[in-house]
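Engineer: Here it is, the structure, as structure tokens.
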Amino acid sequence: MYLGSHRQIVVYESLLELLCILLIISRGDVIDVWDQPPAIHFSRPDGSQHQHTPDYLVELADGTRFAVAVKPIEQVNRRDFDIELSYVAACMPQSYADGLVLMSEADFTRAQALNAQRHHEFNKTPDALADRALAAVIDQQNEPTTLELLVEQVGLAGRGFRAAFRAIIEGRLRQVAHGKIGLQTLVTAEGTA
């Protein structure tokens, strides 16, 4: 995985965990991810003692930390897993994390997952020249345009597309309508109508 400019190994046990971690790191403010952090000890209302190991512990640039549990939605519904996580959250030490988040495939669309995957791939090879060329074109934009026209103006073909794609995910360009990012995606410079 690439977190900002550094590479970090993150373990995942399923496609769902991979998609969730890609969505998390595409936020841009994630500075650290710890997979399979220490277990949290908790008790159920009947007094029985248990432990839960989150899939990830995520730290943001502002210092906020949150534990992430990833479960398929059918397991969440069948086992009342969200209720069990409320017991875990109630017993989680404040020094461990600021919150506990449950993620399932119900929390994102296929387009969001595909965009996160592509963003991760495009971040593997930073391209400062394409980013600067795109920034110059964005500065001249004052109305919505397709990604295809924007890339043509950048003049670097695929490199311009990858730079524009990263700019959308990172918030330097705004996608007018949510969905899979492609050449026909309508975008505006951040701050324009």
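The values are calculated or read from the model by the stated rules, or taken from the named source; none is laboratory data. Quick caveat: nothing in here was measured; it's all calculated off a predicted structure. Because the Cβ atoms are built from the backbone with ideal geometry, glycine has one as well, and the counts that use them run over all protein chains shown. Just so you know, the surface numbers come from the protein's heavy atoms only, side chains and all, with ligands and any DNA or RNA stripped out. Shrake-Rupley method; radii C 1.70, N 1.55, O 1.52, S 1.80 Å.
Engineer: Among DSSP beta bridges lying fully in region 28-158, give the percent that are antiparallel, nearest 5.
Structural biologist: That works out to approximately 70 percent antiparallel.
Engineer: Want the number for Leu15 to Ile31: 0.36 nm per residue separation, take away the alpha-carbon distance, what's left?
Structural biologist: 3.5 nm
Engineer: Then there's this: Using a 10 angstrom cutoff on alpha carbons, build the Gaussian network for the chain and name the most mobile of Leu85, Leu15, Leu156.
Structural biologist: Maximum fluctuation in the GNM of the chain, among the listed residues, is at Leu15.
Engineer: Regarding the chain, what whole-number volume in Å³ per residue does the convex hull of its Cα atoms give?
Structural biologist: Looking at the chain, the number lands at 130 Å³ per residue.
Engineer: What Kirkwood radius, in Å to one decimal, follows from the Cα pairs of region 13-72? Mind showing how you got there, number by number?
Structural biologist: Working: mean 1/r = 0.0787 Å⁻¹.
After inverting the pairwise mean of 1/r, the radius is 12.7 Å.
Engineer: Hey, another quick one. Per 0.36 nm of contour for each residue apart, how much would the distance between Arg44 and Glu190 grow if the chain were fully extended, relative to their Cα-Cα spacing?
Structural biologist: Result for the pair: 47.8 nm of gain on full extension.
Engineer: Turning to a different aspect of this structure: Would you work out the relative contact order for region 39-78, in percent, from Cα pairs under 8 angstrom that are 6 or more residues apart? Intermediate results must be reported in sequence, preceding the final value.
Structural biologist: Working: 40 pairs, mean separation 10.7, N = 40.
Relative contact order for region 39-78 comes out at 27 percent.
Engineer: Between the helical axis of 15-25 and the dominant principal axis of the chain, each derived from Cα atoms, what acute angle in degrees is found, rounded to the nearest 10?
Structural biologist: Taking the Cα atoms of the chain, the angle to 15-25 is about 60 degrees.
Engineer: What is the dipole size for region 43-138, taken about its Cα centre, with +1 at each Lys and Arg Cβ and -1 at each Asp and Glu Cβ, in debye to the nearest 20?
Structural biologist: It comes to approximately 180 debye.
Engineer: Once the other residues with Cβ under 15 Å from the Cβ of Leu134 are scored (Lys, Arg +1; Asp, Glu -1), what is the net sum? Can you show the working numbers first?
Structural biologist: Working: positive: Arg132, Arg159, Arg162, Arg166, Arg172, Arg174; negative: Asp127, Asp131, Asp139, Glu148, Glu152, Glu170, Glu190.
Summing Lys/Arg as +1 and Asp/Glu as -1 gives -1.
Engineer: Provide the descending list of Cα extents for region 92-193 along its principal axes, expressed in whole angstroms.
Structural biologist: 51, 26, 24
Engineer: If each of Glu152 and Ala135 carries a label point 7 Å out from its Cα toward its Cβ, how far apart are those two points in nm?
Structural biologist: Spacing of the two 7 Å Cα→Cβ label points: 2.6 nm.
Engineer: Ranked by accessible surface with a 1.4 Å probe, highest first, in what order do His119, His178 come?
Structural biologist: Final ranking, largest accessible area leading: His178, His119.
Engineer: Roughly how many Å² is the accessible area per residue of the chain, as a whole number, for a 1.4 Å probe?
Structural biologist: Numbers: 10430 Å² over 193 residues.
I get 54 Å² per residue for the chain.
Engineer: Follow-up. Averaging over every viewing direction, what projected area does the convex hull of the Cα atoms of region 1-100 cover, in nm²?
Structural biologist: Averaging across all directions leaves 6.7 nm² for the Cα convex hull.
Engineer: Where the accessible area of the chain is counted over protein heavy atoms with a 1.4 Å probe, how much of it, in %, is carbon and sulfur?
Structural biologist: 51
Engineer: Counting only C-alpha contacts under 8 Å and six or more residues apart, can you give the relative contact order of the chain as a whole percent?
Structural biologist: Reported as a whole number, the value is 18 percent.
Engineer: Can I ask one more? Looking at region 78-159, which trypsin sites (Lys or Arg not before Pro) are in a loop (DSSP not H, G, I, E or B) and have at most 12 other Cβ atoms within 10 Å?
Structural biologist: Lys124
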